[in-house]
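Okay, structure first, notes after.
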Amino acid sequence: MKLVNGNEIIQLFESWSPKKLACMPNDPIGLAIGTVNKTVTKVLVTLDVTMAVVEEAIEQGCELIIAHHPPIFRKLSHLRTDTPAGQLYEKCLKHDIAVYAAHTNLDVVEGGVNDLLADALQLENRKILEHTYSEQLIKLAVYVPAEYATTVRTALANAGAGQIGAYDTCSFTTAGEGRFRALEGANPFVGEIGEVNIEPEQKIEVVFPSSQKNRVLKAMLNAHPYEEPAYDVWAMALTTNEAGLGRIGTLQEPLTLQQFAEFVKVQLNVPCLRVVGDLQQTVAKVAVVGGDGNSYIAAAKRAGADVFVTGDIGFHMAQDAEVNGLSIVDPGHHVEKVMIKGVTEKMTALCKEKKLPVQFIESTIHTEPFQFI
């Protein structure tokens, strides 16, 4: 059986939920405890890393834990093993269990926490609530001998250039004449040293995200037959790969706020929740943000939401929302537990596609700190 290095698993995870999507300053994401430079056969997926979760990982034989909430949220001033936090870190290290955290990048990514919540609430026609990330588009124009144009276009497309929305291999070509004279020391693909050469050429133009610049240019240079290819690269005013926090969409059919609140309880599996607004009001457009959504009340209102589903709403924020006509359903922070099943299924599928024999296990430990009486 093939042995899988933990680095391969993290690289695969970050190909889906890259760190660059994190939208909180100094978000402590990534490897928090231990090393992934080792063989990994089992991974435990959890919302939080508690002592009970670590013990579960030991019992299941997991070498890696992937969590949503970082186990080390603030900089450590000491590492004492006579404190609860220190004892947790010590147990992980003694049992060689690595802990990796994906926090706001997992909130933002397509298919992440907020999409999973929107799925549970059966929201349709959904959009991003608050845009937090985008990439600048780059345009490349390269001049190629006509007979090599298809080769270069194919190389550019394979490198990821020319994708516009739901279309790929997009490019624009114009025909013309290239003129050049090879000097002493040159090794021209066509033409003679010291003589002006006129060559039928095509100008190929493609666009791509700024993050792909090095890859695209390398592919173009490797495919181009000339010793010194002529090309231009410039940044555009347009952006692509937009992502952000929260989702907003519509219910399959309008409900009263009372009915919707009951629906949320069932769909998100919570024993109770808090509601702000007239329970008889009709709601159809719903905004959702996993975790603490106090900072996104204004965004939900601007987006035209009838009701905002989020956790940890403060007293005065609730009053402000009510005055401004925005209803709120607060099922708590812990509903982010939807990521356990979602990440397990996503990573299982990605590993199966790559033929990596790794088992992902859903944590069964209940980490909700509140009891409801």
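The values are calculated or read from the model by the stated rules, or taken from the named source; none is laboratory data. Treat the numbers as computed from the prediction; the structure is a model and nothing was measured. Counting neighbours? That spans all protein chains shown, and the Cβs are built from the backbone with ideal geometry, glycine included. Just so you know, the surface numbers come from the protein's heavy atoms only, side chains and all, with ligands and any DNA or RNA stripped out. Shrake-Rupley method; radii C 1.70, N 1.55, O 1.52, S 1.80 Å.
How many residues does the range 100-153 contain that are of a type in the set (S, T, N, Q) and not in a strand (DSSP E or B)?
Of the residues in that region, 6 qualify.
Among what's in the range 337-372 and is aromatic (Phe, Trp, Tyr) and part of a loop (DSSP other than H, G, I, E, B), pick the residue that is modelled with the lowest pLDDT.
Across the range 337-372, the extreme among qualifying residues is Phe372.
Name the helices (runs of 4 or more DSSP H) wholly within the range 228-336 that hold at least 3 residues that are open to solvent by less than 50 Å² (accessible area, probe 1.4 Å)?
By residue number, 257-267, 297-302.
One residue is enough: does the range 165-175 have a residue meeting the conditions of a type in the set (Ser, Thr, Tyr), more than 23 Å from the chain's Cα centre (by Cα), assigned to a strand (DSSP E or B) and farther than 25 Å from Ser17 by Cβ?
yes
Of the residues in the range 8-31, how many are open to solvent by less than 60 Å² (accessible area, probe 1.4 Å), at negative phi and not hydroxyl-bearing (Ser, Thr, Tyr)?
Residues that pass the stated criteria total 13.
Out of Asp115, Asp96, I need the residue that is at positive phi and out of contact with any Ser or Thr (no Cβ under 7 Å at 6 or more places or on another chain). Which one?
Every option except Asp96 fails the conditions.
All but one of (1) at pLDDT below 95; (2) surrounded by fewer than 16 Cβ atoms within 10 Å (Cβ to Cβ); (3) over 18 Å from Asp232 (Cβ atoms) hold for Asn158, so report the exception by its number.
Unmet for Asn158, out of (1) at pLDDT below 95; (2) surrounded by fewer than 16 Cβ atoms within 10 Å (Cβ to Cβ); (3) over 18 Å from Asp232 (Cβ atoms): (1).
Determine the pairs where a residue that is closer than 17 Å to Phe370 by Cα, located within the range 328-355, has a partner that is among the aromatic types (Phe, Trp, Tyr) and surrounded by fewer than 23 Cβ atoms within 10 Å (Cβ to Cβ) with Cβ atoms under 8 Å apart, the partner being 6 or more residues away or on another chain.
Between residues of the range 328-355 that are closer than 17 Å to Phe370 by Cα and residues that are among the aromatic types (Phe, Trp, Tyr) and surrounded by fewer than 23 Cβ atoms within 10 Å (Cβ to Cβ), the close pairs are Gly332/Phe370; His334/Phe370.
Can you find a residue in the range 144-154 that is out of contact with any Ser or Thr (no Cβ under 6 Å at 6 or more places or on another chain), polar (S, T, N, Q) and without any contact (Cβ under 8 Å) to a residue 12 or more places away in the chain?
Checking the range 144-154: at least one residue is out of contact with any Ser or Thr (no Cβ under 6 Å at 6 or more places or on another chain), polar (S, T, N, Q) and without any contact (Cβ under 8 Å) to a residue 12 or more places away in the chain.
If we scan the range 40-52, do we find a residue that is assigned to a helix (DSSP H, G or I), without any contact (Cβ under 8 Å) to a residue 60 or more places away in the chain and either surrounded by 18 or more Cβ atoms within 10 Å (Cβ to Cβ) or of a type outside the set (Lys, Arg) (or both)?
yes
Tell me, yes or no, whether the range 68-89 has at least one residue that is among the small types (Gly, Ala, Ser), under 20 Å from Lys341 (Cα atoms) and either open to solvent by less than 40 Å² (accessible area, probe 1.4 Å) or without any contact (Cβ under 8 Å) to a residue 24 or more places away in the chain (or both).
No, the range 68-89 has no match at all.
If I filter the range 177-227 down to residues being among the polar types (S, T, N, Q) and touching a residue at least 24 places away in the same chain (Cβ under 8 Å), which single residue comes out as surrounded by the fewest Cβ atoms within 10 Å (Cβ to Cβ)?
Asn187
Residue by residue through the range 53-63, note down the ones that are touching a residue at least 40 places away in the same chain (Cβ under 8 Å), surrounded by fewer than 20 Cβ atoms within 10 Å (Cβ to Cβ) and of a type in the set (D, E, K, R).
Glu56, the sole residue that qualifies.
Return yes when Asn37 is open to solvent by 60 Å² or more (accessible area, probe 1.4 Å), on the phi > 0 side of the Ramachandran plot and in a loop (DSSP other than H, G, I, E, B) and no when it is not.
When the stated conditions are applied, Asn37 does not pass them.
Determine whether the range 2-9 contains at least one residue that is within 18 Å of Glu362 (Cβ to Cβ) and assigned to a helix (DSSP H, G or I).
Yes.
Name the residue, out of Leu31, Leu47, Leu64, that is in contact with a Phe, Trp or Tyr (Cβ under 6 Å, 6 or more places away or on another chain) and either at pLDDT 95 or above or within 16 Å of Met339 (Cα to Cα) (or both).
Leu31
Filter the range 349-373 down to the residues that are within 28 Å of Gly332 (Cα to Cα) and open to solvent by less than 80 Å² (accessible area, probe 1.4 Å) and list them by number.
Those that are within 28 Å of Gly332 (Cα to Cα) and open to solvent by less than 80 Å² (accessible area, probe 1.4 Å): Phe360, Ile361, Glu362, Ser363, Ile365, Thr367, Glu368.
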